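The values are calculated or read from the model by the stated rules, or taken from the named source; none is laboratory data. Note that the structure is a prediction, hence the values are computed from the model and not measured. Cβ atoms come from the backbone with ideal geometry, glycine included; neighbour counts cover every protein chain shown. For accessibility, only protein heavy atoms count, side chains too; no ligands or nucleic acids. Shrake-Rupley method; radii C 1.70, N 1.55, O 1.52, S 1.80 Å.
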Amino acid sequence: MVGPARAEHVRELCRRPVAPGVLASRDGQVVGWAAVAPRSELPIARSRTIPVLDDLPVWSVWCIRVRPGHRGQGVSHALLEGATAYAYEQGAPAVEGYPVDNQGQRVDLTMAFVGTRALFEAHGFVVAAPTSSVSNGFPRVLVRHHPDGGGAG
């Protein structure tokens with residue numbers, strides 16, 4: 001979708017009882033966004049490269065974006081924390097992500113929206129499964145977080 005169709009689609013998402021994500025703001029300006037939703041509502045639920053672990057109705061944090069000029073200041077950490085908390089407030093039994101396992105190497109900013117394994121692990125997510133998905137030349141992993149602090153399982 002592009003142009004007016006995309007804008008209208010986003011407006012519709014924002015009118016739903018459950019928000020399509022969380023925002024981070026600084027001094028009244030939005031500086032970042034994290035998408036979080038039930039996995040069953042996302043195209044990733046039908047992915048051939050990212051496995052479904054079980055029938056648990058998990059929520060997915062599938063996109064994290066930070067505006068230029070605000071990167072490297074912890075905004076992505078705040079967004080992941082907020083998205084995870086929001087999912088649990090909405091009744092999620094667990095939260096998943098599908099970040100790159102870049103092993104500390106630089107990730108192209110246009111592809112960094114999936115997050116990094118280190119980011120998710122810093123917030124208590126654990127690797128639950130490998131995937132056959134690749135982003136920016138890096139393998140992606142399926143990470144999971146449970147409200148009791150446990151990871152997979």
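What are the residues in the stretch 108-144 that are of a type in the set (Ser, Thr, Tyr) and within 20 Å of Arg46 (Cβ to Cβ), if any?
Across the stretch 108-144, the qualifying residues are Thr131, Ser132, Ser133, Ser135.
When both residues are 6+ apart or on different chains and their Cβ atoms are under 6 Å apart, which pairs have a first residue that lies in the stretch 119-138 and is under 20 Å from Trp59 (Cβ atoms), and a second that is part of a loop (DSSP other than H, G, I, E, B) and open to solvent by less than 30 Å² (accessible area, probe 1.4 Å)?
Phe120/Pro99; Val126/Gly151; Thr131/Ile50; Ser133/Ile50
Check the stretch 118-132 and report whether any residue there is under 22 Å from Arg48 (Cα atoms) and in contact with a Ser or Thr (Cβ under 9 Å, 6 or more places away or on another chain).
yes
Looking at Asp54, Asp27, which is the one that is over 18 Å from the mean Cα position of the chain (by Cα) and either within 24 Å of Arg140 (Cβ to Cβ) or surrounded by 10 or more Cβ atoms within 10 Å (Cβ to Cβ) (or both)?
Asp54
So which of Gly28, Gly69, Gly91 ends up being under 17 Å from His145 (Cα atoms) and among the small types (Gly, Ala, Ser)?
Gly91
Please specify each residue of the stretch 95-117 satisfying the condition of being part of a strand (DSSP E or B) and either more than 22 Å from Leu53 (Cα to Cα) or among the acidic types (Asp, Glu) (or both).
Glu96 - this is the single residue of the stretch 95-117 that is part of a strand (DSSP E or B) and either more than 22 Å from Leu53 (Cα to Cα) or among the acidic types (Asp, Glu) (or both).
Among the residues of the stretch 75-111, count how many are without any contact (Cβ under 8 Å) to a residue 40 or more places away in the chain and either crowded, with 16+ Cβ neighbours inside 10 Å or under 18 Å from Gly21 (Cα atoms) (or both).
Summing the residues that are without any contact (Cβ under 8 Å) to a residue 40 or more places away in the chain and either crowded, with 16+ Cβ neighbours inside 10 Å or under 18 Å from Gly21 (Cα atoms) (or both) in the stretch 75-111 gives 5.
Where residues in the stretch 127-153 are charged (D, E, K, R) and modelled with pLDDT of 90 or more, which of them is most open to solvent (accessible area, probe 1.4 Å)?
So, considering only residues that are charged (D, E, K, R) and modelled with pLDDT of 90 or more, the one most open to solvent (accessible area, probe 1.4 Å) is Arg140.
Which of the strands (runs of 3 or more DSSP E) contained wholly in the stretch 10-72 include at least 2 residues that are under 19 Å from Val100 (Cβ atoms) and among the small types (Gly, Ala, Ser)?
Because the criterion is at least 2 residues that are under 19 Å from Val100 (Cβ atoms) and among the small types (Gly, Ala, Ser), the strands (runs of 3 or more DSSP E) in the stretch 10-72 that meet it are 29-38.
Just the residues that are open to solvent by 60 Å² or more (accessible area, probe 1.4 Å) and closer than 18 Å to Arg65 by Cβ, please, taken from the stretch 12-24.
Cys14, Leu23
Given the options Ala78, Ala92, name the one that is assigned to a loop (DSSP other than H, G, I, E, B) and farther than 18 Å from Val141 by Cβ.
Just one listed residue meets the conditions, Ala92.
Could you grab me the full set of residues in the stretch 118-140 that are part of a loop (DSSP other than H, G, I, E, B) and more than 13 Å from the chain's Cα centre (by Cα)?
Ala122, Gly124, Asn136, Gly137
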